[in-house]
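A short worksheet on the structure shown next.
The values are calculated or read from the model by the stated rules, or taken from the named source; none is laboratory data. Because the structure is predicted, anything quoted here is derived from the model rather than measured. A quick note on method: Cβ atoms are made from the backbone with ideal geometry, for glycine too, and the neighbour counts reach across all protein chains shown.
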Amino acid sequence: MDQMSAMRNPAILSASSSPTPPPSSERARAAVSSARGDPSIFDACQIGVVLRTVVFVEAVVAIAALFVVSTPGEWLVQTATITGGALPATLLWLVSACGLKKPLRRLPKHWQYTAGALLGSLSAIYGCGLLRLTGVLASAPWLASALAGALFAGLVMAAMVLRARGQTPAATTARLEELQSRIRPHFLFNTLNSAIALVREEPAKAETMLEDLAELFRQALADPGESGTLADEIALAERYLAIEQVRFGDRLRIRWDLDAAASNARLPPLLLQPLVENAIKHGVEPSPEGAKLRIRTERRGSMVVIEVVNSLPPLRWADEPLPRGHGIALANVRDRLRLLHDMQMQFSAGMDQKSYRVRIAIPAESP
């Protein structure tokens, strides 16, 4: 009798079978707290960070030179003169910050800022010394250079921390949008109906289909990490396509061209599967004859290239625009890649003759 009442009352069953999850507000505070501990102040090893830092310093130098000159010619000379010390100092700080990233990130945050400011002061003194040794400066303003170096280092570190912290809410929002599009009711119902139809005639295939569906949901509902490997994303896409292959049969023709050397490239979690889902939605579903789907990975030197290509129905060969949802999904993927790989990633999507091609290029090594 107790078991029957427990089955009728989901709340009792839930309370007895698993511990009560923490309130959403507590989970949110825990996530924010965790996110605040993750960002590294010394994440200066990315090309985007180096370029933005150099441009920022040069912009400040160019503006500062306007205060002491009266003609454009004098401004060019003065800017070039200050750059002779500011640019080597900036590059020295970036190289030092990148080289010391791992040991210093284990320190408390206030000591990381202190070390970064100290490196900035020493780098600025080095730049000032270069100008003094070359005779550009008659007397070296050591103290002013040290303070300026510490100030610039602090600003750059603050900008890097803000960008790193911004990855967490952006990734969470992107993941929620993906879950809404991925766990679609009609996909779930179609999969279950296909499995039911196979239970009597091909029970092994039905069991495999349900296992693939369970794994898809497990990955979708798991706590997201910062990144995963391309091999993991390929495995997840294979499970999704195995389900769709049962549904569409010969209408779905899949070709895999996978390079084992590209397997360890890092991707945001659950990134490849939405691209494959879009290819099914816009290529296979609208076409009575079905469509071809090709997934290709290749390592080219220090980069890994990923392509998802699907053929389109004849009506799509013309100027008919793709549905809006397609563009939103692609923008979502592009933004998540930019958060992880910054300027080192490349992303393109568009018509290629009678097919639609999504091309991604990312670093082969971990960011």
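Of all residues in segment 340-357, which are at pLDDT below 85 and crowded, with 19+ Cβ neighbours inside 10 Å? Within segment 340-357, Leu340, His341 qualify.
Residue selection: Val57 satisfies the criterion of being touching a residue at least 60 places away in the same chain (Cβ under 8 Å), crowded, with 18+ Cβ neighbours inside 10 Å and either under 17 Å from Leu147 (Cα atoms) or polar (S, T, N, Q) (or both).
Here Ala97 does not fit the description of being part of a helix (DSSP H, G or I), exposed (fewer than 15 other Cβ atoms within 10 Å of the Cβ), assigned by TED's automatic domain parsing to the domain that holds Ser145 and out of contact with any Pro (no Cβ under 6 Å at 6 or more places or on another chain).
Quick check, is Ala89 surrounded by 20 or more Cβ atoms within 10 Å (Cβ to Cβ), in the same structural domain as Leu137 (by TED's automatic domain parsing), out of contact with any His (no Cβ under 6 Å at 6 or more places or on another chain) and within 19 Å of Leu143 (Cα to Cα)? It is true that Ala89 is surrounded by 20 or more Cβ atoms within 10 Å (Cβ to Cβ), in the same structural domain as Leu137 (by TED's automatic domain parsing), out of contact with any His (no Cβ under 6 Å at 6 or more places or on another chain) and within 19 Å of Leu143 (Cα to Cα).
Of the residues contained in segment 40-55, one or more are found to be more than 23 Å from the chain's Cα centre (by Cα), in a helix (DSSP H, G or I) and under 28 Å from Ile362 (Cα atoms). Filtering segment 140-194 to residues that are of a type in the set (Val, Ile, Thr), under 30 Å from Ala206 (Cα atoms) and either at pLDDT 70 or above or in contact with a Ser or Thr (Cβ under 6 Å, 6 or more places away or on another chain) (or both) leaves only Thr191. Does Thr114 satisfy being in contact (Cβ under 8 Å) with a residue 12 or more places away in the chain, among the polar types (S, T, N, Q) and in the same structural domain as Ala59 (by TED's automatic domain parsing)? It is false that Thr114 is in contact (Cβ under 8 Å) with a residue 12 or more places away in the chain, among the polar types (S, T, N, Q) and in the same structural domain as Ala59 (by TED's automatic domain parsing). The residues in segment 262-283 that are assigned to a helix (DSSP H, G or I) and either under 14 Å from Val308 (Cα atoms) or not assigned by TED's automatic domain parsing to the domain that holds Leu236 (or both) can be counted, and the count is 12. The numbered conditions (1) under 23 Å from the mean Cα position of the chain (by Cα); (2) at pLDDT 90 or above are all true for Gly325 except (2). Scanning segment 227-261 for residues that are under 17 Å from the mean Cα position of the chain (by Cα) and either among the hydrophobic types (A, V, I, L, M, F, W, C) or not assigned by TED's automatic domain parsing to the domain that holds Met345 (or both) turns up Leu230, Ala231, Ile234. Taken together, the criteria exclude Phe217 from residues that are modelled with pLDDT under 75, surrounded by fewer than 17 Cβ atoms within 10 Å (Cβ to Cβ) and more than 30 Å from the chain's Cα centre (by Cα).
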